[in-house]
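Participant: Quick one: structure below, then a few questions.
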Amino acid sequence: MPKLPAPPLPQALQAPTPRPGEGEGNGKATPRHHAAQAGTSVVDWVDERTSLSGGARWLMFRKVPKGTNWFYTLGSATMFAFLSQAVTGVFLAMYYRPDPSGGAYESIRYVTNDVFLGQFVRGMHKWGSSVMVILVFLHMGRTFFFGAYKYPRELNWVIGVVLLILTMLMSFSGYLLPFDQRAYWATIVGVNINGTGPLIGPYLSDFLRGGPEFGATTLSRFYAIHMLLVPGLIAALIGAHLYLVAKLGTTAPPWTRAEQSPELREAEA
Amino acid sequence: MSDKHTSHRSKYTLDRQMPGAFEGETVTRRRFMVVGGQAAGGVAAASFLLPALGFAVGPIFKSTPHRWESVGPVDMFSETNYVPVVITLTPNIGEAGKSTAYVRKFNAAIDTDPYDKGTPYIAISSRCAHLGCPVRWVDAAERFICPCHGGVYDLLGRRVGGPPVRPLDRFYTRVNASGEVELGPRFSVNSELRRFSPRDPGEPLDGIGQYAYPSRPGAQKL
């Protein structure tokens, strides 16, 4: 198999050409030369021991079809929305207390009113969740209308649907955590909607609540689902989703046509 | 290699000319190690996955003891109108564990249902049978009305409008030695006011509904 030439390194990473009487020119490297080379040396040191550059090049320097446009960025946008949720969520977790007898509401009130930038970070998490849901649906619509779910990308569509469900589960479990009146009653209604499923519904709602009534562990159960169980699954599935995107490549927009060879066109005419 | 294609195949690896065969062995050592290694991994994974799963689903099967809670002296309640009382469904979690019940004295003229014979007080749960929002008793309309999706119930808690699938739940009642009304465990009723063990909102109990929504494994008979 022919080997693709390595893409050119950006100017900043290239080794500077030694001036006459400097660096390798006279066989002696000056400290300035070493400093200029430091970035490349570190990257080389890691790459020699991990061979990561091959994988990185495989992931980043892919060939994309003609006609690729802004709609193709919706998946990345969704991933960045998830990363934003993950980072802000980690910092919110430093203040949050899943205590149903008043502590949860108080800790949220404290973050919002008293913590430096608390209202901003909580706002990013709160509004970011809506942004992520909207981006997920736009990305899904792009995939559907461009026909990008067809062979051989069916499995990536299936993984995407699981990611959509997990995103919904994140929204549902996160809604309870502020533990105000709206959070409480919305969760009561949401859990009971789950309970209306025949046969398994009653067990499902008992599992979500951790018992027959909204109890002492319901809030911590939702908190654990929201910040440990589902984000772990989402991160793992995003990895699988991206691997398949890199392996299978992106689809051309449906309005582009394959280029026909002149001979074939003449033969058809 | 004609013996490979005969209908009777030997069980010995050596006779079947498998790579890595030894005299008198029916499984190659490589295969034995592969299966053994996978089995050991399976046992190791199951030893933490099964207890963790059991821990997570355990509360479904747990039976909670019945609570009886005094809500006031007997002369607080009349035969003709409901008195709202606040009861604790889950102790130690503050307001989140509390709920409202509407209580009145048994009235032979209204409570003609055979299942209510011998019930000293009628206690109706405020938990809407649609999706669990809190209904309130509206005196002028003589109706229970739900603020969320417009469920309406009559004086006995039977549905007269909106999306609810069954009447409002009730609580068992009794009068204790010091003359106070006590509310006990919850029970659900179908449209004929026949009693069932408590079900979640949104689960019908008429016809096929009582089989499609089984009762809780941990539910105890009173």
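Participant: Could I have the simple spin-label model distance between A:Ala236 and A:Ala267, label points 7 Å from Cα toward Cβ, reported in nm to one decimal?
Facilitator: 5.0 nm
Participant: Let me ask something additional. If I fit a long axis through the Cα atoms of helix A:181-195 and take the longest principal axis of the Cα atoms of chain A, what angle between them do I get, 0 to 90°, rounded to 10?
Facilitator: 90 degrees
Participant: Hey, what number do you get for chain A at 222 nm if only DSSP H runs of n ≥ 4 count, each worth -39500 (n - 2.57), divided across all residues, to the nearest 500?
Facilitator: When only DSSP H runs of four or more count, the value is -20500 deg cm²/dmol.
Participant: For the protein assembly as shown, what class follows from the C-alpha gyration tensor (a ≥ b ≥ c being the square roots of its eigenvalues): rounded when a/c is under 1.5, otherwise prolate if a/b is larger than b/c, else oblate? Mind showing how you got there, number by number?
Facilitator: Numbers: a/c = 2.35, a/b = 1.82, b/c = 1.30.
Since a/c reaches 1.5 and a/b is larger than b/c, the shape of the protein assembly as shown is classed as prolate.
Participant: Then there's this: Sorting check: for B:43-49, A:132-138, A:263-269, which peptide has the highest mean count of neighbouring beta carbons within 10 Å, and how do the rest follow?
Facilitator: On the way: B:43-49: 9.9, A:132-138: 17.6, A:263-269: 7.9.
For the peptides B:43-49, A:132-138, A:263-269, the packing ranking is A:132-138, B:43-49, A:263-269.
Participant: Between helix A:103-113 and chain A, what is the angle of the helix's C-alpha long axis to the longest principal axis, kept within 0 to 90° and rounded to the nearest 10?
Facilitator: 50 degrees
Participant: Still on this structure: Rounded, prolate or oblate: which fits chain B, taking a ≥ b ≥ c as square roots of the Cα gyration tensor eigenvalues, rounded meaning a/c under 1.5, else prolate when a/b beats b/c?
Facilitator: It comes out prolate by the Cα gyration axes.
Participant: Also: Using the Cα gyration tensor of chain A, with a ≥ b ≥ c the square roots of its eigenvalues, what is the shape: rounded (a/c below 1.5), prolate (a/b larger than b/c) or oblate (neither)?
Facilitator: oblate
Participant: In addition: Select from B:Gly36, B:Gly207, B:Gly24 the residue whose mean-square fluctuation is largest in a Gaussian network model of chain B (Cα-Cα springs shorter than 10 Å).
Facilitator: Highest fluctuation of the listed residues: B:Gly24.
Participant: Calculated from DSSP H runs of 4 or more alone, at -39500 (n - 2.57) each and per residue, what is the 222 nm mean residue ellipticity of chain B, nearest 500?
Facilitator: Value at 222 nm, helices only: -5500 deg cm²/dmol.
Participant: Something else: Taking every residue in B:124-132, how many Cβ atoms of other protein chains lie within 10 Å of its Cβ, on average?
Facilitator: The mean count of partner-chain Cβ atoms within 10 Å per residue comes to 3.
Participant: At most 14 other Cβ atoms within 10 Å and a DSSP loop assignment: could you name the trypsin sites (Lys or Arg not before Pro) in segment A:184-262 that fit?
Facilitator: A:Arg257
Participant: Further question: Between A:Phe145 and A:Phe61, what FRET efficiency comes out of the Förster formula 1/(1 + (r/R0)^6) with R0 = 35 Å and r the beta carbon distance, rounded to 0.05?
Facilitator: It comes to 0.80.
Participant: Sorted by average packing, counted as other Cβ atoms within 10 angstrom per residue and highest first, what order do B:173-182, A:57-66 take?
Facilitator: Descending mean neighbour count gives B:173-182, A:57-66.
Participant: Scale the Cα Rg of segment B:112-205 by the rule-of-thumb value 2.2 N^0.38 Å and send over the ratio, two decimals. Before the final figure, lay out each step's value.
Facilitator: Details: Rg = 13.2 Å, N = 94, 2.2 N^0.38 = 12.4 Å.
Expressed relative to 2.2 N^0.38 Å, the Cα Rg reads 1.07.
Participant: Please give the contour-minus-distance gain from B:Arg16 to B:Asp154: 0.36 nm per residue of separation, less the Cα-Cα distance, rounded to one decimal in nm.
Facilitator: 41.6 nm
Participant: Between A:Asp114 and B:Arg29, what FRET efficiency follows from the Cβ-Cβ distance if R0 is 51 Å, with the result rounded to 0.05?
Facilitator: 0.15
Participant: For labels at A:Met168 and A:Trp127 in the simple 7 Å Cα→Cβ model, what's the distance in nm?
Facilitator: Calculated label separation equals 2.6 nm.
Participant: Can you tell me the 0 to 90 degree angle between the C-alpha axis of helix B:29-61 and the longest principal axis of chain B, rounded to 10?
Facilitator: Value to nearest ten degrees: 0.
Participant: What does the charge count around A:Asn156 come to, taking other residues whose C-beta lies under 12 Å from its C-beta (Lys +1, Arg +1, Asp -1, Glu -1)?
Facilitator: Net charge in that neighbourhood comes out at +2.
Participant: Now for a separate question. Count, for each residue of B:195-204, the Cβ atoms from other chains sitting within 10 Å of its Cβ, then give me the mean as a whole number.
Facilitator: Whole-number average of other-chain Cβ neighbours for B:195-204 is 5.
Participant: About the Cα centre of the protein assembly as shown, what is the dipole size in debye to 20, counting +1 per Lys and Arg Cβ and -1 per Asp and Glu Cβ, all else neutral?
Facilitator: The dipole magnitude comes to about 980 debye.
Participant: Let me ask another. Quick one: how many lysine pairs does chain A have with C-alpha atoms less than 28 Å apart and a gap of 8 or more or different chains? Give me the count, please. Don't jump to the answer; show the numbers that get you there.
Facilitator: Details: A:Lys3/A:Lys63; A:Lys3/A:Lys66; A:Lys3/A:Lys247; A:Lys63/A:Lys150; A:Lys63/A:Lys247; A:Lys66/A:Lys150; A:Lys66/A:Lys247; A:Lys150/A:Lys247.
Counting lysine pairs in chain A gives 8.
Participant: Subtract the Cα-Cα distance of A:Leu199 and A:Asp44 from 0.36 nm times their separation in residues, and report this length gain in nm to one decimal.
Facilitator: Gain on stretching A:Leu199 to A:Asp44: 49.8 nm.
Participant: Using only Cα atoms, figure out Rg for segment A:154-269 and give it as a multiple of 2.2 N^0.38 Å.
Facilitator: The value comes to 1.71.
Each reported figure results from applying straightforward, stated rules to the coordinates on display, with no laboratory input. The structure presented is a predicted model; accordingly, all values stated were derived computationally and were not measured. Cβ coordinates were reconstructed from backbone atoms using ideal geometry, including for glycine residues, and neighbour counts include every protein chain displayed.
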